[in-house]
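One structure is given below, encoded as structure tokens.
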Amino acid sequence: MNPLIPLFIAIPLAGAFLTMILGKFLPRLNKYLGITVLLLLAMMSLISVATISGGTDIYKVGGWEPVGGIPIGIYMVLDNLSALLLCVINIVGLLAVIYSFTYISQYTSENYFYSLFCLMIAGMNGVVLSGDLFNIFVFLEISAISSYALVAFGVEREQLEATFKYQVLGGLASLVILLGTGFIYWKAKTLNIADAREVLWAGSEKPFYLLAQLLLLSGFGLKAAIIPFHAWLPDAHSSAPSPISAMLSGVLIKAVGIYVIFRLFFNMFVLSEEIAVLITVLGTLSMAVGVFLAIGQWDIKRLLAYHSISQMGYVVMSAGIGMILVSRGTKPEVAALALAGALFHLINHAAFKSLLFLNAGAIEYRTGTRNLREMGGLAACMPATSSTSFAASMAISGLPPFNGFFSKLIIIIAAVMARFYLLAAIAVIVSIVTLASFLKFQRYAFYNGKREAGKENLREVPFPMVLSMVTLALFCLLLSLAALPHFRDIIFTPAIRILTDAQQYTAPILGF
Amino acid sequence: MKGMTLIVKETTRLLAGLIFLYGIYIIIHGHLTPGGGFAGGVVVAGSFILLILAYGSDYMHLTREETGTTITENLAILIALLIALGGMAFGVKIFFSNWLPRGTVGELVSAGVIPLYNIFIGMEVAASILTIFLALLIFKEELTK
């Protein structure tokens, strides 16, 4: 048993509670505490991704061994897929905390911010590491409730409205997820994902499990903001403080939404073609509709939030293509390619979307506005913000040599090889519209040339904010290397093997 | 916030201690009888809430109390987490393992670390419910000011 696994949850929890206690006495200390916690977690996630190498680490919490081959305790499972997600969560989290170093001092009660931030990280790490359905629900609630509070951190009218909407829809999602979990527990008599898979594959009560599948898909779809369930996202993601927007858009919707959908539908349920087609259709819808909703926006953060829906659509569509092929049992190499595209795009999106939100925060920090019409000519006075946001915009629109190009290319090639020509065409068109929308962002924010009175003395944002933006921009460039076959074999192939062959996931847990 | 009438104050004075003790009883017998940290913590918080409602309190007092409950809450849950982490340091070295001697089944001091979890979770729940109550009360006071 790898002792790092429970520490991924224990360290941020301890950090959150310590921040609250120390924050009352030494209010200057809490930001250093937050950075220390996230630095530790980021190093741990890098260690775990380097040492896992295709295996599966299982941690039986409390030392409860299985009885008669049935796992009875709480299992935490670390495999390549979760290690990948852990890296994304904790590294983006670290950069967001570094960014908050100066950014969050414009708000009061900083200790609440760092405490809630650590709780959110703990919840997401828990979701990714958990090996059973109920703990996924518990950790999801931890991260969701702390994110409700973080969205309302500014306590302005607009933020309270956004968080109310987010809470109602998030609460609905949690209810639906709990209902689905309850249905599975009712019939399968187990909550452990690997154990439930054995029962589900024994294959009785198909309509019953179809209902559970639909409930879980809509619940986690709400968390991931796939299109019919997206209504909360633009409000919540645009009104949160910028580092939190970056975390919500860059990490939270993936860790508690997309990741769980992948895990449950590939590794627990019997993949049926109709569900796979449904997921593909939902993904395509959010890809296409999201971008057209985005292009008319003038509020930068709302524009970015709608693009999150669209880019998540790419991930879901590509994974859906993989699901269709896996359920048919044909063309396994194309299915693997589609899944590689989905995972690659997921990681890339974490890099460039968090960067874009941090850029938006930097612009708002200096100019005090989020309206594109009121900006202009910022490239001259904010060179670091301007150049990093250019990199991120080109990455999200899919221009080489940035990472977004390679992941979109893989997705489109996979769609063509699977003979879904229409989906490939839609993906290309959406990418072009994305480019148009980001050219608008670049032009109006940075290059318009219009300089109004009182804007001449705008300066670049403070160093910590620049540091995390530049680091993320470097990630946008360097992640392109992951498209090379050598790196792909190390990073993606083991994770894809776990997804496509559920036996790989269940065998170590059930112990055969 | 003003207090209530003399009858309410006298009744509360007699009852609050009993309710508090009942909550403590539920918490420390958590591993033997139904109930435990959460149920007992709610009862303990109830006795404090009753006292505040009956006797009233002023704004400064409320904010000071809120600081106290926040610190208690975080300290209690931090200690519970440290006990869980203690499982990684002692005994079989597993997170959340029961690393204290188990004792005889049915006695008050038995079941290893489970009573400790109950006690600290009881503190945590009592303090957090009181914090929520105080926050609402402070909010109301700020509105009326």
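With every protein chain left in place and a probe of 1.4 Å, what is the accessible surface of A:Glu141, to the nearest 10 Å²?
50
Give me the one-decimal Kirkwood hydrodynamic radius in Å for the stretch B:1-116, with the sum taken over alpha-carbon pairs.
16.6
Say the dipole of the protein assembly as shown comes from +1 at the beta carbon of Lys and Arg and -1 at that of Asp and Glu; which of A:Gly123, A:Ile324, B:Gly23 then lies farthest toward its positive end?
Working it through, the farthest residue towards the positive pole turns out to be A:Ile324.
Mind grabbing the interface size between B and A? I mean buried accessible area, both sides, 1.4 Å probe, in Å² to the nearest hundred.
1400
Suppose only helical runs count, i.e. DSSP H with n ≥ 4. What mean residue ellipticity at 222 nm does that imply for the protein assembly as shown under -39500 (n - 2.57) per run, divided by all residues and rounded to the nearest 500 deg cm²/dmol?
So the helix-based figure for the protein assembly as shown works out to -25000 deg cm²/dmol.
I'd like the distance between the alpha-carbon centres of the stretch A:154-169 and the stretch A:342-404, rounded to an integer number of Å.
If you average the Cα positions of each part, the centres end up 25 Å apart.
Among the listed pairs A:Lys165/A:Lys301; A:Lys254/A:Lys301; A:Lys301/A:Lys440, which have their C-alpha atoms separated by more than 20 angstrom in this model?
none
Any idea of the accessible area per residue across the stretch A:265-412, 1.4 Å probe, to the nearest Å²?
24
Can you compute the charge dipole magnitude of chain A about its Cα centre, using +1 on each Lys and Arg Cβ and -1 on each Asp and Glu Cβ, nothing else charged? Give it in debye, rounded to the nearest 20.
Around 820 debye, computed over chain A.
Normalised by the residues of the stretch A:150-255, what does the relative contact order come to in percent, with Cα pairs under 8 Å and at least six apart?
Relative contact order of the stretch A:150-255: 40 percent.
About the Cα centre, and with charges only on the beta carbon of Lys, Arg (+1) and Asp, Glu (-1), how big is the dipole of the stretch B:6-144? Nearest 20 debye, please.
Result for the stretch B:6-144 is approximately 380 debye, rounded to the nearest 20.
How high is the relative contact order of chain A? Use alpha-carbon pairs under 8 Å, at least six apart in sequence, and give a whole percent.
Relative CO of chain A lands at 16 percent.
Between the stretch A:293-323 and the stretch A:69-115, how far is it from one alpha carbon centroid to the other, in angstrom?
The stretch A:293-323 and the stretch A:69-115 have Cα centres spaced 23 Å from each other.
Would you check the accessible area of A:Arg302, probe 1.4 Å, heavy atoms only, in square angstrom rounded to 10?
Approximately 60 Å² of A:Arg302 is accessible to the 1.4 Å probe.
List for the stretch A:53-93: residues with 20 Å² or greater reduction in accessible area, all protein chains versus chain alone, probe 1.4 Å?
Buried on complex formation: A:Tyr59, A:Val61, A:Gly62.
Please give the residues of the stretch B:72-92, grouped as numeric ranges, whose backbone N is less than 19 Å from a label point set 7 Å along the Cα-to-Cβ vector of B:Ala135.
Taking a point 7 Å out along Cα→Cβ of B:Ala135, the residues of the stretch B:72-92 whose backbone N falls under 19 Å are B:72-78.
I need to check one value: relative contact order of the stretch B:6-144, counting alpha carbon pairs closer than 8 Å and at least 6 residues apart, in percent.
Relative contact order comes out at 31 percent.
Checking buried surface per residue: for the stretch B:59-81, which residues lose a minimum of 10 Å² accessible area in the protein assembly relative to the chain alone (1.4 Å probe)?
In the stretch B:59-81, residues shielded by partner chains: B:Glu66, B:Thr67, B:Thr70, B:Ile71, B:Asn74, B:Leu75, B:Ile77, B:Leu78, B:Leu81.
Could you give the dipole magnitude of the stretch A:146-233 about its Cα centre, charging the beta-carbon of Lys and Arg +1 and that of Asp and Glu -1, in debye to the nearest 20?
It comes to approximately 220 debye.
Taking the Cα-to-Cβ direction at B:Val42 and at A:Val168 and moving 7 Å from each Cα, how far apart do the two end points lie in nm?
Using points 7 Å along Cα→Cβ, the separation is 2.7 nm.
Suppose R0 equals 22 Å. What FRET efficiency, 1/(1 + (r/R0)^6) with r the Cβ-Cβ distance, do A:Ile70 and B:Val105 give to the nearest 0.05?
With R0 = 22 Å, the Cβ-Cβ based efficiency is 0.35.
Just want the answer: with Cβ charges of +1 for Lys and Arg and -1 for Asp and Glu, which residue in B:Thr5, A:Leu217, B:Val43 is farthest toward the dipole's positive end in the protein assembly as shown?
A:Leu217
At 1.4 Å probe size, with every protein chain present, just tell me what the per residue accessible area of the stretch A:19-147 comes to in Å².
Per residue, the stretch A:19-147 has an accessible area of 34 Å².
Starting with the highest mean, order B:57-66, A:476-485 by the number of other Cβ atoms within 10 Å, averaged over the residues of each peptide.
A:476-485, B:57-66
Of the listed peptides A:218-225, A:355-362, A:437-444, A:206-213, what is their order by residue-averaged count of other C-beta atoms within 10 Å, with the highest listed first?
Result, highest mean Cβ count within 10 Å first: A:355-362, A:218-225, A:437-444, A:206-213.
Would you list, by chain and number, the lysines whose Cα falls below 26 Å from the Cα of B:Lys9, excluding same-chain residues fewer than 8 positions away?
Partners found: B:Lys140, B:Lys145.
Going from most exposed to least, what order do B:Glu107, B:Glu141 have by accessible area with a 1.4 Å probe?
In descending accessible area the options line up as B:Glu107, B:Glu141.
For the stretch B:38-145, what is the accessible area per residue in Å², given a 1.4 Å probe and the full set of protein chains?
The answer is 52 Å² per residue.
Excluding ligands and nucleic acids, what accessible area in Å² is computed for A:Arg497 using a 1.4 Å probe, to the nearest 10?
Counting only protein heavy atoms, the figure is 110 Å².
Pop the C-beta distance of A:Asn448 and B:Leu82 into the FRET formula with R0 = 51 Å and round what comes out to the nearest 0.05.
Computed FRET efficiency for A:Asn448 and B:Leu82: 0.40.
Among A:Gln106, A:Ile58, A:Phe137, which residue has its Cα positioned farthest towards the positive end of the charge dipole of the stretch A:30-148, with +1 placed on the Cβ of Lys and Arg, -1 on the Cβ of Asp and Glu, and the dipole taken about the Cα centre?
Value computed over the given set: A:Gln106.
Considering only protein heavy atoms and a probe of 1.4 Å, how much of the accessible area of the protein assembly as shown is carbon and sulfur, as a whole percent?
Of all accessible area on the protein assembly as shown, carbon and sulfur atoms account for 71 percent.
The values are calculated or read from the model by the stated rules, or taken from the named source; none is laboratory data. The model shown is predicted, which means the values in this text are computed figures rather than measured ones. Neighbour counts run over all protein chains shown; Cβ positions are idealised from the backbone, glycine included. Surface areas here come from the heavy atoms of the whole protein model, side chains and all, with no ligands, DNA or RNA. Shrake-Rupley method; radii C 1.70, N 1.55, O 1.52, S 1.80 Å.
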